[in-house]
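The next block holds one structure in the form of structure tokens; read it before the comments.
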Amino acid sequence: MASAHKKYLEWNPGRILNWAKTIGDSTVKLLDTIMKSKPHPELGFKACMGILNLYKNI
């Protein structure tokens, strides 16, 4: 596996939603919707991480 992809092994839906909770309820709802819209939640991780990183850079 490429090293760029290995970092995603540490993540799971619960961890992503816990981080989203520190931002707000709307963020939790958005990321939950993204993950539920995919056949497998992991397929939404990259989009979710992008959103979380936008907040981190504010």
query = Scanning for something surrounded by 11 or more Cβ atoms within 10 Å (Cβ to Cβ), at pLDDT below 95, touching a helix residue (DSSP H, G or I) at 6+ places or on another chain (Cβ under 9 Å) and part of a helix (DSSP H, G or I), does region 7-29 turn up at least one residue?
reply = yes
inquiry  = Contact list please: Cβ distance under 6 Å, first residue in region 34-56 and touching a residue at least 24 places away in the same chain (Cβ under 8 Å), second residue assigned to a helix (DSSP H, G or I) and surrounded by 17 or more Cβ atoms within 10 Å (Cβ to Cβ), pairs at least six apart or on different chains.
reply    = PRO41/MET35; CYS48/ILE16; CYS48/LEU31; CYS48/ILE34; LEU52/TRP19
query = If you take the residues of region 34-58 that are β-branched (Val, Ile, Thr) and over 8 Å from the mean Cα position of the chain (by Cα), which of them is nearest to HIS5 (Cα to Cα)?
reply = ILE34
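The values are calculated or read from the model by the stated rules, or taken from the named source; none is laboratory data. Keep in mind that this is a model prediction, so the values were computed, not measured. Neighbour counts run over all protein chains shown; Cβ positions are idealised from the backbone, glycine included.
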